[in-house]
Amino acid sequence: MALACVLSVVSNGLRSDGLPWLGDGSPASPATAEGVLGLEIPLEEAQILFFTKEAVFLDARSPEAYARGHIEGALNLPWGAFEERAPVVLADIPKETPIVTYCDGEGCDLSYELAVALIARGYTHVMVLANGWSVWTEHDLPTSTGP
């Protein structure tokens with residue numbers, strides 16, 4: 001066991017891209033969370049989950065954006081009001097339920113932030129539909145309006 005540890009330390013020290021011994025203590029960025037946790041789900045898989053009703057879709061955008069249009073059946077859990085709204089929105093969702101979070105556009109990280117927060121609360125099957133609202137509407141998939 002000691003020999004394995006020594007070899008690991010030496011090997012890591014010799015690599016030009018060696019792993020850091022300690023993190024910097026800052027929370028992971030959404031892009032890092034995506035890469036490390038493998039959160040992204042392709043549109044095709046999201047469609048299957050939607051049409052088979054196997055997943056809950058959570059819209060991380062503001063209530064105003066949600067009211068203008070959202071994925072049909074999606075619940076609104078705006079990232080900006082997560083602590084306030086989560087107990088109500090998540091009350092009837094079991095921890096093992098597949099959940100797909102989304103927001104709008106390439107620059108929107110709210111869906112990643114929401115996904116990481118859900119994982120921290122114990123939800124075990126959380127995915128992110130990148131560019132969610134945009135890609136959903138571009139493919140003419142079912143949508144709704146209103147609160």
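The values are calculated or read from the model by the stated rules, or taken from the named source; none is laboratory data. Since we're looking at a predicted model, the values are computed, not measured. Ideal geometry is used to build each Cβ from the backbone, glycine not excepted, and the neighbour counts take in all protein chains shown.
Please find, among V128, V135, the residue that is in contact with a Ser or Thr (Cβ under 7 Å, 6 or more places away or on another chain) and hydrophobic (A, V, I, L, M, F, W, C).
Values: V135 fails: in contact with a Ser or Thr (Cβ under 7 Å, 6 or more places away or on another chain).
Residue meeting the stated conditions: V128.
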Exercise for the section: Could you tell me whether any residue of region 24-46 is within 21 Å of S134 (Cβ to Cβ), out of contact with any Lys or Arg (no Cβ under 8 Å at 6 or more places or on another chain), modelled with pLDDT of 95 or more and not in a helix (DSSP H, G or I)? Expected result: no
Practice task
Scan region 93-103 for residues that are crowded, with 21+ Cβ neighbours inside 10 Å and not β-branched (V, I, T) and report the count.
Solution key: 2
Problem - Exclusive hit being surrounded by 14 or more Cβ atoms within 10 Å (Cβ to Cβ), among the aliphatic types (A, V, I, L, M) and in contact with a strand residue (DSSP E or B) (Cβ under 7 Å, 6 or more places away or on another chain), set L75, L90 - result: L75
Practice task
Determine which member of the set T124, T145 is touching a helix residue (DSSP H, G or I) at 6+ places or on another chain (Cβ under 9 Å) and exposed (fewer than 14 other Cβ atoms within 10 Å of the Cβ).
Solution key: T145
